[in-house]
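Okay, so here's the structure we're looking at.
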Amino acid sequence: MADKKPFYITTPIYYPSGNPHIGHCYTTIACDCVARMKRMQGYDVMFLTGTDEHGQKIEKKAQEEGTTPKAYVDAIVENFKKLWARLGISYDRYVRTTDDYHIKTVQNIFEKLYKDGWIYKSEYKGKYCTPCESFWTESQLVDGKCPDCGRDVTDASEEAYFFKLSHFAPKLKELLLDEEKNFLNPKSRVNEMIHNFIDPGLQDLCVSRTSFTWGIPVTFDEKHIVYVWIDALTNYISAMGFMNDTYNDYEKYWPADMHVMAKEIVRFHSLIWPSILMALGEPLPKKVYGHGWITFGDGGKMSKSKGNVIDPFVLCDRYGVDALRFHLLREMVFGSDMPYSNEMMFNRYNADLANDLGNLVSRTVAMAIKYFDGTLPVDKEFTDADNDLVSQLDALQPVVAEAFETCRFSDGLEAIFRVVARANKYIDENEPWKLAKDETAKPRLAAVLYNLLDAVRRVSILLTPVMPHTAPQIFEQIGATEENTGWYDSEKKYLLPADVTVKKGPVLFPRIDVEKELAELEALAPKKEEAPSDLEPLKELTKYDNFAALDLRAVKVLECENVPKSDKLLKFKVDDGFGERQVLSGIAKYYKPEELIGKTLAMIVNLEPRKMMGFESNGMILSVKFGDGYRVVEFPDSVKPGSDIS
């Protein structure tokens, strides 16, 4: 057997400054769809994803939470991996920029570029956007703000190393305009790169920082760390073993067939990354695809800071993983932004999945069971009335394959569902319920149902990369097996056994009551907390010594329970860093006991003991008045019990 042809596809490595949201899902599901299709086509696929874990923003986030940068990203990386598992993402390798092998690759590359004269030391003066980890010139700012995220930028001036990016401007322009290579898609991104960056004058790139420490040190000048984007971009080759001893797949898989990302980081992948590879003398990736954003009613990009993030775990749990995968791929027209709302998802679900695909499968299986006890007779009568449906099925596979491998998933799915609609129309045209009443028409009835089952088989094969959990359920219901559900089996008609047996299964896509679901999701959404309007007046001045006499400490809640015969009091056992103690607090109306176990709270620990409802209380848990109730003062888990509060 000949060796399989390799195929290498990558997502960007995501920045774990917060938990993953539906915006991360689109890119990853898109790459997963292509990877699954290529595996079905017989390719040896390498599908890479991961996380970009260095940078000033991560360092600041960790400081705010009282933990180390590595501990901070470790927790978020686990959430990324949990989400990918929930979504059925079939990645082959997960790279973290904190992995030892990646650090080795980055340091080796930086050192080589320096020795070869592509990196030099100078001083950086300009604008810097911390959230985007991006440097900008004054002319690139939009209304004085970052052109990518619209946030404020800061003046930056520090000793730095620079990469000679300007040298590669002519080669980059030639690369982007080469119609045969078709390196960057969609074409609008090409125009953007040339007109906004190359033509105005590509400037050398600052590739090190000294103003923060969370990054990969430059080996020959350790007060410098490698600029985060140089660190991040090299993941695509470090994970294949380039300049490290952990993996040995570089010769096999590089250059990558597809880099896929959202449009705001196209600049790094189509200008900086090719230039680094040219300087190293290494091959360039074959294709770069920059898709649009998922947006909301205000047209803004999905963003944690805007509070418009939809929880993908909730959507998967309520409507199924494949429903979310399908909706995102069906609605995102390549090159354009995708407006998102739950209502849009429900309407698409009902129209395409419940009404069209789900109805086609259930009606066909039900009729085969009703008219033939589930097993079709061998004797069938095919006629010219079958030709249009069959011919549309015959032509479908190349259309879908070409659409999927160029990130035009919406086009591919639209083509599939045109054929699904044609199959439903075929039912109405041939009226099996009438054929069933005529004993002499049984061969024709068998042919109609066989055509429908075969149509379901062929479209379900093509839907498998998009809906990998649903397709096997469909195959089981229609009597299809591994022998007739390979990718290229979708091109061949009549591969089901002549006496195929169907099996009734659960409803694939129960219809959604849109208004009811919208109301339930609204109820599930975290309520926006409003600032209290009736603040207590400030108290009179007191001496500093009065405050200094109080001993405020962080305590860990070990146990918590309601006090019998009291609707106000909770009884706690806490660890104060020196031992355990009992304390009571009048917050039972605002918390369930189980909500507080394990939390780290603020407490005055040197108050004299006092009895409350027959129980001794040794201290006071601090809380803040909020609206009509109280909220305890909490600290991150990383704060140790007994830590002094001042």
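The values are calculated or read from the model by the stated rules, or taken from the named source; none is laboratory data. Note that the structure is a prediction, hence the values are computed from the model and not measured. For neighbour counting, all protein chains shown are included, and Cβ atoms are generated from backbone atoms with ideal geometry for every residue, glycine included. Remember, those area values only see protein heavy atoms, side chains included, never the ligands or the DNA or RNA. Shrake-Rupley method; radii C 1.70, N 1.55, O 1.52, S 1.80 Å.
On average, how much accessible surface per residue is there in the range 4-71, in Å², for a 1.4 Å probe, leaving out ligands, DNA and RNA?
Values: 1950 Å² over 68 residues.
Value for the range 4-71: 29 Å² per residue.
Under 5 Å between amide hydrogens, built in the peptide plane, is the criterion, and for GLU559 it picks out LYS573 among residues at least 5 positions away or on other chains.
Label the range 250-380 by shape, choosing from rounded, prolate and oblate, from the square roots a ≥ b ≥ c of the eigenvalues of the Cα gyration tensor; if a/c is under 1.5 it is rounded, and otherwise prolate applies when a/b is larger than b/c, oblate when it is not. Could you put the intermediate results ahead of the total?
Details: a/c = 3.66, a/b = 1.65, b/c = 2.21.
Oblate.
For LYS589, the aspartates and glutamates whose Cα falls under 19 Å of its own Cα, not counting residues fewer than eight places away in the same chain, are GLU529, GLU530, GLU559, GLU561, ASP567, ASP628, GLU634. Ordering ASP373, ASP257, ASP152 by accessible surface, largest first, gives ASP373, ASP152, ASP257; the 1.4 Å probe counts only protein heavy atoms, with every chain in place. Our note on the geometry: Cα centres of the range 30-58 and the range 123-190, 25 Å apart. Rounded to the nearest 10 degrees, the inclination of helix 409-430 to the longest alpha-carbon principal axis of the chain is 40 degrees.
Summing -39500 (n - 2.57) over the DSSP H runs of n ≥ 4 in the chain and dividing by its residue number, what mean residue ellipticity at 222 nm do you reach, to the nearest 500 deg cm²/dmol? Please report the intermediate quantities before stating the final value.
Working: 23 runs with 234 residues, N = 646.
So the helix-based figure for the chain works out to -10500 deg cm²/dmol.
The peptide list 552-559, 605-612, put in order of mean Cβ contacts within 10 Å with the highest first, becomes 552-559, 605-612.
Among the protein heavy atoms of the chain, carbon and sulfur supply 50% of the accessible surface, probe 1.4 Å, non-protein parts ignored.
Of all beta bridges that DSSP places with both ends in the chain, some 70 percent have antiparallel geometry. Applying the criteria of a DSSP loop state and at most 12 other Cβ atoms within 10 Å to the chymotrypsin sites (Phe, Trp or Tyr not before Pro) of the range 537-595 yields PHE578. Straight-line cross-link partners of LYS504 among the aspartates and glutamates, defined as a Cα under 12 Å from its Cα and at least 8 positions apart when in the same chain: ASP373, GLU476.
Which net charge results when you count Lys and Arg as +1 and Asp and Glu as -1 among the other residues whose beta-carbon is under 11 Å from that of ALA446? That works out to 0.
Does the range 81-182 come out rounded, prolate or oblate, given a ≥ b ≥ c as the square roots of the eigenvalues of its C-alpha gyration tensor, rounded meaning a/c under 1.5 and, failing that, prolate meaning a/b above b/c?
rounded
Where Lys and Arg each count +1 and Asp and Glu each count -1, what net charge lies around ALA385 among other residues with Cβ under 10 Å from its Cβ? Within the 10 Å Cβ shell, the charges total -3. Packing, as the average of other Cβ atoms within 10 Å across residues, places the peptides 614-623, 385-394 in the order 614-623, 385-394, highest first.
Note on Rg/Rh (Cα atoms, Kirkwood Rh): of the candidates [x] 1.06; [y] 1.57; [z] 0.95, the value calculated from this structure sits at [x].
The residues neighbouring THR481, those whose beta-carbon lies less than 15 Å from its own, together hold a net charge of -2 under the Lys/Arg +1, Asp/Glu -1 convention.
Relative to the longest principal axis of the Cα atoms of the chain, the long axis of helix 22-40 makes an angle of roughly 40 degrees. Over 30 Å apart at the Cα level, from the set LYS70/LYS556; LYS125/LYS252; LYS60/LYS145; LYS61/LYS145; LYS82/LYS556, are LYS125/LYS252. A probe of 1.4 angstrom, applied to the heavy atoms of all protein chains, finds GLU222 with accessible area near 130 square angstrom. Centre-to-centre, using Cα atoms only, the range 74-92 and the range 407-486 are separated by 33 Å.
Quick one: grab the alpha carbon gyration tensor of the range 529-646, order the square roots of its eigenvalues as a ≥ b ≥ c, and give me rounded if a/c is under 1.5, else prolate or oblate depending on whether a/b is larger than b/c.
Working: a/c = 1.33, a/b = 1.07, b/c = 1.24.
Verdict is rounded for the range 529-646.
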